[in-house]
Amino acid sequence: LALPEGGAEALPEHMARSLPPGTVHTGVRVTSVATNAVTTAEHGVIRCRAVLVATDARAAAELLPGLRVPDFHPVTVVHHTTDEPPTTGASLLLDADRGGPVAHTAQISRVDPSRAPAGRTLVSSTVLGPPPPDLDTAVRIHLSRLYGTPTTRWETLAVHHTPEAVPAMRPPHDPRRPVRLLAGLYVCGDHRDTSTVQGALHSGHRASAAILTDLGAGRPMHTAEAVGPARAA
């Protein structure tokens, strides 16, 4: 898990550029899926040999009725800019004492200068769980202690609140929920594994291996889930 130059989207864009032209289509709304077809709002029915639904839990459940939708944890990210950058450099600051709402914060523009206005520093801070009532004031006070510098002159650039950011892993949690629902129909995402980026990638790896095995496409990437009666979703 890291922040590459160009933002988080840089990695999938890099992967897409290595594929044959026309392989990837974006901005297409899917209305239903089956083991051999995807129905879209813009392009009608697209026939296929297998379908993998790689979305968040709620969107997956809309396409796959009966799929479990977990509870979620909210996350809020607050972006500030300043012309007086802190002296912490590109380090990620964590508050082990939990002395305020900020879980972690960093000068993102030290990693990717293009993300900040010209001549200014971008500081991005993450608040886990429900945000406090006076979010910006509480975050500024906390950041002042973490960075050891006044923050009253920092400009609030944006606040992004995602109420369903992270699937809750309430006990007993199954970290390997099935990715093969039927032969030809698969699902992956952080809701099928652990609620992390790594979990989402791992579930995608499991789903890809299952697809290759079911299609008889040679040696799988690793041991796929057993082909047999579909397990409970």
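The values are calculated or read from the model by the stated rules, or taken from the named source; none is laboratory data. Predicted, not measured: the structure shown is a model, and the values here were computed from it. Here the Cβ is made from the backbone with ideal geometry for all residues, glycine too, and neighbour counts use every protein chain on show. Keep in mind that these areas ignore ligands, DNA and RNA; they rest on the heavy atoms of the full protein, side chains included. Shrake-Rupley method; radii C 1.70, N 1.55, O 1.52, S 1.80 Å.
For the range 84-188, evaluate the Debye formula with one uniform point scatterer on each Cα (no solvent term) and list log10 I(q)/I(0) at q = 0.11, 0.15, 0.22 Å⁻¹, rounded to two decimals.
Computed log10 I(q)/I(0) values: -0.49, -0.73, -1.24.
Regarding the range 9-114, what whole-number volume in Å³ per residue does the convex hull of its Cα atoms give?
That works out to 191 Å³ per residue.
As a test question: what accessible area, to the nearest 10 Å², does Asp71 have when a 1.4 Å probe is rolled over all protein chains in place?
The accessible area comes out at roughly 90 Å².
By the scheme Lys and Arg +1, Asp and Glu -1, what is the net charge of all other residues having a beta-carbon under 9 Å from that of Ser203?
Surrounding charge for Ser203 is +2.
With all protein chains present and a 1.4 Å probe, how do His25, His73, His79 order by accessible area, largest first?
His25, His73, His79
Just how much of Asp56 is accessible, in Å², when a 1.4 Å probe is used and the result is rounded to the nearest 10?
Estimated to the nearest 10 Å², Asp56 gives 90 Å².
From zero outward in steps of 10 Å, how is the percent of C-alpha pairs of the chain spread across the bins?
Pair shares across the bins are 7, 25, 28, 21, 14, 4, 0.
Do you know the relative contact order of the chain, to the nearest whole percent, from alpha carbon pairs under 8 angstrom that are 6+ apart?
About 20 percent, as a whole number.
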